[in-house]
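The values are calculated or read from the model by the stated rules, or taken from the named source; none is laboratory data. Because the structure is a prediction, the values reported are computed rather than measured. With ideal geometry, Cβ positions are generated from the backbone for all residues, glycine too; neighbour counts draw on all protein chains shown.
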Amino acid sequence: MNNSSSGKNSVLLSADNVAKSFGDVEVLHGISLALRAGEVRAILGENGAGKSTLVKILAGFERPSGGQLKYQDLDGQIKSIDGWLAEEAEANGVVLIHQELNLADQLTVSENIFLGQELRRGLFLDKRQMDQKSREYLDSLHCKVDTRARVGDLPVSAKQLIEIARTRAKRARVLIMDEPTAVLTRQESEVLYELIARLSAEGVAVVFISHKLEEIERIADSITILRDGQLVGDYAAKDLSREDMVSLMVGREIGDLFPAKRLPEPQAPKVLEVRELLVRGTDSPCSFALQQGEILGFSGLVGSGRTALLESVVGLRSPATDQPGSVSLFGQPVRIKNLAQARELGMAYLTKDRKGSGLLLEKGLAFNFSLFALQKFSRGVINRNQEQEAFSEAVENFDIRIKDAGMSAGNLSGGNQQKLLLAKVLESEPRVVIIDEPTRGIDIGTKSQIYHFIAELADSGHAVVVISSDIVEIIGLCHRVAVMFHGRLTGIVSGADINEEEIMAYATGLKDQQQSSSDKPAATGVN
């Protein structure tokens, strides 16, 4: 990494009164900040505050509507520009790791790492050298994936580490990371923190966007806070507590993050019962039950099989053919083959991939909202007035913040996309709702809103399953918690046993409730 022209603390890139508008809507209002060599700067703000737009301008993926950028070129000269292309930014060492992964699935790991800057020996690609260098970059992240593996075959956490490794090949002088730990395990995040410390020591300016305040406290030297597209201020990280950060981000006091738990009625009926369901590729059948008015959490480490189990229940994947088990919904045995059938039977599933599978990002908001409930608005022809009335009511009920009713779903912030997705699946009036990673990549204010929405669902008689890798979320929200380890449901805890120590004991296989086939439903704690 060549930072010889960048003295410690010298300004490598700055924004001077930068503004950005999309049509008539101004999303950034005169933002100024300076990125210094060796400094780790966090950018905080609620979803929709303008964080991603700002870093896209800094890295050349968006052009500002006003203001200027200044950068130090490779010769140490300061230059002023009205904006630049991503290729120009990267040529000067400004590299952005997007919130959405930007890899070519059909290429190998090393081909992705060197994409656009391939190493050559004469007229031919030097694949051996690219593999060796890729191995070096990945080893620095403790990532053991095969450099010749096809990226499309790898898990999302490995893909995120490959994105980070690419920046090493690009010799970043200013490295901008947008939610880099959202899909990483705790151990993988620790390795990333170590890398950031090494880069800072080498004189790289690091910009870090995250909603995880504990990691901001740990790695940031300075903090820039945005609210509604405006700069609230720049602060030394050591001067702000987490409570200060939240107050500055939202401009108001956040009440209790989680609503008070209201336990379901002891004699509430079981609405979903799963017996001896064996997920394809595993060897441990799973059993659990869900009561009306209950929030049942599914916890476990990455790769534990939480999502695979519930996808098998709703028909997104086929169970093992030799031991398919049984599923009962509202007391009736069912064999659900796809999501459409699940919806017809009164069960909704919110995918954790809201941008890939949950919403049609290029389509309008009302189109997305009504997609699962068209029969409510149609008698041969869709009643657009009725559809619009229902959508307007949902926007108000779910506090979906939109600047233009005609905008596409892809232009909403992450938190508002999640609220739109929740409104979309609930419009079909399900009685059982399964939500996978309900608040991933969402700011703390919107998290609290979604937690209250989920609690209100349960209070109104819905049965809710929450799948989450956030153990604080699981503990704060759920009435009972099912814990998985390597495809096995190792335990279901309730009451005082819903604590981090107990959950982690089951999540690591240290504890494993031994259940005989005759009493598995009783062991779920549902009467």
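Quick notes
- Per-region count, the range 337-390, residues of a type in the set (Ser, Thr, Tyr) and within 29 Å of Pro324 (Cβ to Cβ): 3
- Filtered residues of the range 32-62 (kept if within 22 Å of Ile402 (Cα to Cα) and in contact with a helix residue (DSSP H, G or I) (Cβ under 7 Å, 6 or more places away or on another chain)): Leu44, Gly45, Glu46, Asn47, Gly48, Glu62
- Options Ala149, Ala165, Ala182, Ala220: the member that is surrounded by 18 or more Cβ atoms within 10 Å (Cβ to Cβ) and not assigned by TED's automatic domain parsing to the domain that holds Gln72: Ala165
- The listed residues are Arg135, Arg173, and the only one of them that is over 21 Å from the mean Cα position of the chain (by Cα), within 25 Å of Glu100 (Cβ to Cβ), basic (Lys, Arg) and surrounded by 14 or more Cβ atoms within 10 Å (Cβ to Cβ) turns out to be Arg173.
- So Arg218, is it at pLDDT below 90 and not small (Gly, Ala, Ser): no
- Here Tyr193 does not fit the description of being modelled with pLDDT of 95 or more, aromatic (Phe, Trp, Tyr) and in the same structural domain as Leu33 (by TED's automatic domain parsing).
- Filtered residue count, the range 378-403, keeping only those that are in contact (Cβ under 8 Å) with a residue 40 or more places away in the chain and over 13 Å from Leu420 (Cα atoms): 1
- Criterion (at pLDDT 95 or above, among the acidic types (Asp, Glu) and over 26 Å from Ala182 (Cα atoms)) met by exactly one of Glu294, Glu265: Glu294
- For the range 327-358, a residue qualifies if it is surrounded by fewer than 14 Cβ atoms within 10 Å (Cβ to Cβ) and either among the aliphatic types (A, V, I, L, M) or modelled with pLDDT of 90 or more (or both), and the qualifying residues are Gly331, Gln332, Pro333, Arg335, Lys337, Asn338, Ala340, Glu344.
- Residue tally, condition charged (D, E, K, R) and either in a loop (DSSP other than H, G, I, E, B) or in contact with a Phe, Trp or Tyr (Cβ under 9 Å, 6 or more places away or on another chain) (or both), over the range 228-243: 1
- The criterion of at least 1 residues that are buried (at least 19 other Cβ atoms within 10 Å of the Cβ) is met by the following strands (runs of 3 or more DSSP E) wholly inside the range 26-106: 40-44, 66-72, 94-97.
- Checking the range 140-151 against the condition returns no match, with no residue being within 22 Å of Glu202 (Cα to Cα) and at pLDDT 90 or above.
- Taking the range 296-377 as the region of interest, the helices (runs of 4 or more DSSP H) fully inside it that hold 2 or more residues being free of Cβ contacts under 8 Å to residues at least 60 places away in the same chain and more than 30 Å from Gly509 (Cα to Cα) are 339-344, 365-370.
- Residue within the range 379-397 that is part of a loop (DSSP other than H, G, I, E, B), modelled with pLDDT of 80 or more and within 18 Å of Pro438 (Cα to Cα) present: no
- Of all residues in the range 366-402, those being surrounded by 15 or more Cβ atoms within 10 Å (Cβ to Cβ) and over 27 Å from the mean Cα position of the chain (by Cα) number 5.
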